[in-house]
Structure formats: structure tokens, C-alpha cells
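Reading through the C-alpha cells given below for one structure.
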Amino acid sequence: MSATASDEVKVTAVGFGNRSGWLSWGTNYKAVAWNTTGTEETGWSGDIGFLVRITPELNFGILAQDLLTSKDFISAASGRVGPAFRPLDGRLTIAGDLELDRSSMSYGHFGVETQIVRGLTLRGGYDRGEPTLGVSLYFAALSFDYAALISEGAGNTQRFEVGIKVLPLKDSNIFFACSVLK
């Protein structure tokens, strides 16, 4: 989807995740409203993902995105696979993945993330060859997230997200988030 100045996508998601030894998994339900042609449309989607901890510093993930959708959903199902390396006691993450969809096209993603201080994370990278940047703030059970995709051809895309951890315990991953993509 190429964005124009008036395109807007609103996502409300509810998810659940679990960590058990070397394997983590999670799933979510997304209610989506979008306006890309001047007409408001709605739909829903579901994702499922798995993360395998090979060593404390090396992880490998697999994601099925938009696996189950409403009939007229804004995007087709896709999958992602890729590693992440976390040196410096986990304060730095270097990750990459390959996105596969039903067409013959494949896309690459690469990023670096660092925790500046507890509760403040900065990141940068490339999404399908376009530069990205972002910042996250965490306060107890609340999270605030900003991300930007800097595109020469289609204009910049910005994402704002506020999240609430329902059970704010260290190992609890029931999470509610609301995002606006503009």
C-alpha cells in the first residue's frame, strides 16, 4: 500500500504471549479501520508468532501475519523469519528478517535497537530499503511508542502507539495496544 497525505489506518489490538523455557509464543487479534480511498472501511486480522532462544544472546523468530482475516482486509497474509543478536547484556539488539507473501516478492528488514536507560529505547533500521527510526518509553504498566518510515516516493509514514500491560508482572504478557498509522 502506498500512502498519501490523507491515508490513515487505525489498529486496536489485544494479544497474549507466553514464555516457557527456550520457546516464546504469542497471538493477537486486531480490529482495523482504514481510509485509503476517501471511504472508511473496517476489518479484522490475527497473527501468531514464535521465538526460539538458541543462546542467551541469539534468538530466531517466525511470524505468520494477518493469517486469519475478514473478507476485505487491507493486506494479504505474510510471513517473516529471522535472527536477532543481543550483545552487551541485552542492551543492544541487532535483528534482521525476511518477509514473504503470496506473491513472488520477498522483502528484507534490518534494525538496531539500544536501551539508553531503563524505560527508554531508541532504534533505527531499514524496512524494504527505506530508513526507519523510533523511540519507546516504558512506565510501569504503560508504554508509549513512536516510529517513522522515511520514504522518498510515498511520503513519510508515522506510527503512534499507547499500550497497557494488563498484568504488569515481569513474566506476564497480556497486552492491549492502540495504534494510529498516518
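Each residue of the range 143-156 was assigned a 3J(HN,Hα) from its phi angle through the Karplus expression (A = 6.51, B = -1.76, C = 1.60, θ = phi - 60°), giving 9, 10, 9, 10, 9, 9, 10, 9, 10, 6, x, 9, x, 6 Hz with x at Gly and Pro. Compactness ratio for the range 34-82: Cα radius of gyration over 2.2 N^0.38 Å (N = residue count) comes to 1.58. Taking a point 7 Å out from the Cα of Y138 in the direction of its Cβ, the residues of the range 77-91 whose backbone N falls within less than 18 Å of it are 84-91. Protection proxy ranking of 141-149, 115-123, by the mean of other Cβ atoms within 10 Å over each peptide's residues and highest first, is 141-149, 115-123. A 1.4 Å probe run over the range 1-61, with the rest of the protein chains in place, finds 60 Å² accessible per residue. Computed on protein heavy atoms with a 1.4 Å probe, the accessible areas place E99, E130 in the order E130, E99, largest first.
Considering the range 99-154, its Cα convex hull presents a mean projected area of 5.2 nm².
Taking 0.36 nm per residue of separation and subtracting the Cα-Cα distance, full extension of the segment from L68 to R128 would add 19.2 nm. Surface composition of the range 53-126: carbon and sulfur atoms hold 61% of the protein heavy-atom accessible area at a 1.4 Å probe.
Using 1/(1 + (r/R0)^6) with R0 = 22 angstrom and r between the beta carbons of Y107 and E57, what's the FRET efficiency to the nearest 0.05? Calculated value: 0.30. Considering only Y126, T55, T12, the residue lying farthest towards the positive end of the dipole of the range 1-150 is T55, judged by Cα position with unit charges set on Cβ. Calculation over all alpha carbon pairs of the range 51-127 in 10 angstrom steps from 0 returns a P(r) of 17, 38, 30, 13, 1 percent. Summary value for the range 54-108: 30 percent relative contact order, contacts being C-alpha pairs under 8 angstrom separated by 6+ residues. Using heavy atoms of the protein chains and a probe of 1.4 Å, the accessible area assigned to Y29 is about 110 Å². Note on the range 1-147: Cα Rg divided by 2.2 N^0.38 Å, N the number of residues, gives 1.13.
The values are calculated or read from the model by the stated rules, or taken from the named source; none is laboratory data. Worth saying up front: this structure is predicted, and the values here are computed from it rather than measured. Cβ atoms come from the backbone with ideal geometry, glycine included; neighbour counts cover every protein chain shown. Surface areas here come from the heavy atoms of the whole protein model, side chains and all, with no ligands, DNA or RNA. Shrake-Rupley method; radii C 1.70, N 1.55, O 1.52, S 1.80 Å.
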